[in-house]
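Working notes for the structure below.
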Amino acid sequence: MKVTIVCAGKLKEKYLTTGIQEYLKRLQPFAQVDIREIHEEKMPEDPSPAEKEQVLHKEGERLLKLVPPGSYLFVLDVYGQELSSEDLAAKMADLGLHGRSSITFLIGGAFGLSKEVRQAADQRLSFSQLTFTHQMVRLLLIEQIYRCFKINHGEKYHW
């Protein structure tokens, strides 16, 4: 399976980079994982709603260009559906059984997502009603992807 993670912003914290590298290594037997990044758009200080929408639109266009054609697109969205790890694993397995071998997860920047990104999603996921930095979500996401593969292979990791 091919998994792409599309995200806004570069990782700045060493502990996040170290954690992500560890899970990328663990994922090697299960999937080819590609992380694609764009730089975050700058938001004007105290933006009007129109200015904020314009910035999100520009960032969203750039994010969507990195989604591989034909890939099933999960957009991480605070307003998305919350799934258990087992449910996400089942969804990923079902996609594979139906010939969808390319899956993309998209993480927006600090200011949220454009309506175009939300509309492009095949499925919108929320990790929690809690607020996390988009950089922290990247680590949480890659751990959950690993967990899904372990669940689907019946291997110990998920108790």
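The values are calculated or read from the model by the stated rules, or taken from the named source; none is laboratory data. Since we're looking at a predicted model, the values are computed, not measured. Note that each Cβ is placed from the backbone with ideal geometry, even for glycine, and that neighbours are counted across all protein chains shown. Accessible surface areas use protein heavy atoms only, side chains included; no ligands, DNA or RNA. Shrake-Rupley method; radii C 1.70, N 1.55, O 1.52, S 1.80 Å.
Applying the Karplus relation 6.51 cos²θ - 1.76 cosθ + 1.60 with θ = phi - 60° to region 4-18 yields 3J(HN,Hα) values of 10, 10, 9, 8, 9, x, 8, 6, 10, 9, 4, 5, 5, 4, 4 Hz, where x marks Gly and Pro. Could you work out what % of the accessible surface of region 78-120 is carbon and sulfur, using a 1.4 angstrom probe and leaving DNA, RNA and ligands out of the count? On region 78-120, the fraction of accessible area on carbon and sulfur atoms equals 51 percent.
Cross-link reach is defined here as a Cα-Cα straight distance under 21 Å, omitting same-chain residues fewer than 8 places apart; for Lys2 the lysines meeting it are Lys25, Lys65, Lys91, Lys150. Run through the DSSP bridge list for region 31-159 and note the antiparallel percent, rounded to the nearest 5. Given both bridge residues lie in region 31-159, the antiparallel proportion sits at roughly 10 percent. Exposed loop sites were defined as GluC sites (Glu not before Pro) in DSSP loop states (anything but H, G, I, E or B) carrying at most 16 other C-beta atoms within 10 Å; in the chain the longest segment without such a site runs 83-154. Here region 1-70 has an Rg and Dmax of 15.4, 47 Å, counting Cα atoms alone.
Helix 49-65 against the longest principal axis of the chain: what's the angle in degrees, Cα atoms only, rounded to the nearest 10? Taking the Cα atoms of the chain, the angle to 49-65 is about 40 degrees. The relative contact order of the chain comes to 33 percent, based on Cα pairs under 8 Å that sit 6 or more residues apart. Axis of helix 134-152 versus longest Cα principal axis of the chain: the two differ by about 20°, to the nearest ten degrees.
Distances between placed amide hydrogens fall under 5 Å for Ser114 paired with Gly60, all partners being 5 or more residues away or on another chain. Extension gain, Thr131 to Tyr157: 0.36 nm times the residue separation minus the Cα-Cα distance gives 6.8 nm. Remark on Val6: its backbone amide H falls under 5 Å from those of Arg36, Phe105, Leu106, Ile107, a criterion applied only to residues 5 or more positions apart or on other chains, H modelled at 1.01 Å from N. The mean accessible area for residues of the chain, using a 1.4 Å probe and ignoring ligands and nucleic acids, is 56 Å² per residue.
Scanning the chain for trypsin sites (Lys or Arg not before Pro) lying in DSSP loops with no more than 12 further Cβ atoms inside 10 Å, the longest uninterrupted stretch between such sites is 43-155.
In degrees from 0 to 90, rounded to the nearest 10, what is the angle of the helix 85-97 Cα long axis to the longest principal axis of the chain? Its long axis makes an angle of about 80 degrees. The share of accessible area on region 1-48 that comes from carbon and sulfur is 47 percent, using a 1.4 angstrom probe.
Expressed as a fraction of 2.2 N^0.38 Å, the value expected for a compact globular protein of N residues, the C-alpha radius of gyration of the chain is 1.03. These residues, Val117, Val78, go from largest to smallest accessible area, 1.4 Å probe, as Val78, Val117.
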